[in-house]
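Asker: Before anything else, here's the structure in question.
The values are calculated or read from the model by the stated rules, or taken from the named source; none is laboratory data. Please read these numbers as outputs of a predicted model, since none were measured by experiment. Don't worry about glycine lacking a Cβ; one is built from the backbone with ideal geometry, like all the others, and counts go over all protein chains shown. Surface areas here come from the heavy atoms of the whole protein model, side chains and all, with no ligands, DNA or RNA. Shrake-Rupley method; radii C 1.70, N 1.55, O 1.52, S 1.80 Å.
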Amino acid sequence: MVDDRSKFEQSMNSALDHELSEEELHALQEQVEESPAAADNWKRLRQVDALLRSLPLAVPADSLAGKVMAAIAAQQIAELARRRHGLGLALGLVAAALLTVPLLSALVLLLVSTITNPGTIAAILQGAAAVTSYVVDLVADLGRQLRSLASDTPALLALLTAVIPMSMLWGWLVWYLLGGSRLAGDKDVL
Amino acid sequence: MSEDTDALWVQQTLAGDQHAFGELVLRYERDVFNLAYRMLNDRGEAEDAAQEAFLRAYANLERYDPSRSFKTWVLSITSNHCIDRIRRRRLTWLSLEEPLPPHPALTSDTPSPEEATVAHEREVFVQGLLDELSPDYRLVVVLRYWYDLSYAEIAEMLDTTESAIKSRLFRARQALADQLESQSIPAFDPALEGS
């Protein structure tokens, strides 16, 4: 039964492709006429076939070929630029490599000669010691100055001691009244 | 004869003559565009697809086997590209609008306004039917009806067997016939109605 149906469908397909002989076509016609459903289906298949055959090729815009050729030309220019860029990069790398070797060699030689020369090392260490001692002296001098200022004018120290906490208190009060605490809370939530 | 000149133009293109590829584009632009249009049902997208297909053909010309037809080769590139586009379109479907119907001037053989209108309506109707098919079925129908390719040629293009193509074409025809059952066919042509 399934084979018969499949054979029937194949025959209809072949008939639409004009691949059936006169006898086969006649046999198909007879088979179709036996069933109204098959006849209806066959009619619709032929309508589909006729509809599809009735449409010509869709025509592109006149500019299509021009666009294609322009795109190809643009692609070639881009490719050329890419190759040039690649060549430039390669030459740059070669030049960098050629420069790096003598520069690196010179640097290594300089380092080696510095490290192996005791006079140079001593000069470097002396320089570092001098800078350190200068900084230490500067800090000690500053401390001494502050101490002498405090002992000479104790009122100034007392004033500073009172003014600093008062300024902080006023600052906090202004910040609180301007809604600073709320903003800080929002920030925490965020 | 045309296949001889195709082979010559391919050789000339490979030798660096861009003008020769221009000749190939002029010869096959209509075939390539029609396939893209029938598959995508959008004129603008079809032009983009046709252009892309030619660019791919140009870029891969060295891989072209001269024993095969250039037309079949370029159509195969077009069909693959269109199916890719349809897949991508499904993945990133954002527009809810129906595609615009093709312009009445889409077909070249429309001498009078009445005939142009009839041809346009038929075009829209058939394109609507094709649009309901899956891309694989649609492709077989287009290659068979618009290019008159044999089953063997279609099978070679789609890298499958002739029996698979036969079966696909029959199912596609049957699906189109089923669609006709649910729609009334406009009386375009007495031959279509009466057959």
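Asker: Can you give the calculated 222 nm mean residue ellipticity of chain A, where each DSSP H run of n ≥ 4 adds -39,500 (n - 2.57) and the sum is split over every residue, rounded to the nearest 500 deg cm²/dmol?
Answerer: It lands at -31500 deg cm²/dmol.
Asker: Please average, across the residues of B:172-178, the number of beta carbons from any other chain that are within 10 Å of each residue's own beta carbon, and give a whole number.
Answerer: 6
Asker: For the protein assembly as shown, report the convex hull volume of the alpha-carbon atoms normalised per residue, in Å³, without decimals.
Answerer: Cα convex hull per residue, to the nearest whole number: 376 Å³.
Asker: Ok, one more. For the range A:15-59 and the range B:43-79, compute the distance between their C-alpha centroids and round to whole Å.
Answerer: 33 Å
Asker: Can you check what the Kirkwood hydrodynamic radius comes to for the range A:2-54, Cα pairs only, in Å to one decimal?
Answerer: It is 11.4 Å.
Asker: Which FRET efficiency value, to the nearest 0.05, is calculated for A:T114 and A:L89 with the Förster distance at 41 angstrom and r the Cβ-Cβ distance?
Answerer: The calculated FRET efficiency here is 0.70.
Asker: Helix check for chain A. Which DSSP H runs span at least 15 Å along their own axis by Cα, with a mean Kyte-Doolittle hydropathy no less than -1.0?
Answerer: Qualifying helices: A:2-16, A:36-54, A:64-116, A:118-152, A:154-177.
Asker: Return the average number of partner chain Cβ atoms within 10 angstrom of each residue Cβ along peptide B:28-41.
Answerer: Rounded to a whole number, the mean comes out at 3.
Asker: Suppose the chain between B:D148 and B:T160 were pulled fully straight at 0.36 nm per residue; how much longer would it get relative to their current alpha carbon spacing?
Answerer: 2.5 nm
Asker: Taking beta carbons within 10 Å but only from partner chains, what does the mean come to for residues B:19-25?
Answerer: 3
Asker: Starting from the Cα of A:T100, step 7 Å along the direction of its Cβ; do the same at A:Y134; then give the gap between the two resulting points in nm.
Answerer: Computed distance between label sites A:T100 and A:Y134 equals 3.8 nm.
Asker: What ranking, highest mean first, results for peptides B:124-132, B:159-167 when packing means the other Cβ atoms within 10 Å averaged over each residue?
Answerer: So the peptides B:124-132, B:159-167, ranked by packing, come out B:124-132, B:159-167.
Asker: What percentage of the solvent-accessible surface of chain A, computed with a 1.4 Å probe over protein heavy atoms, is contributed by carbon and sulfur atoms?
Answerer: Carbon-and-sulfur percentage of accessible area, whole number: 70.
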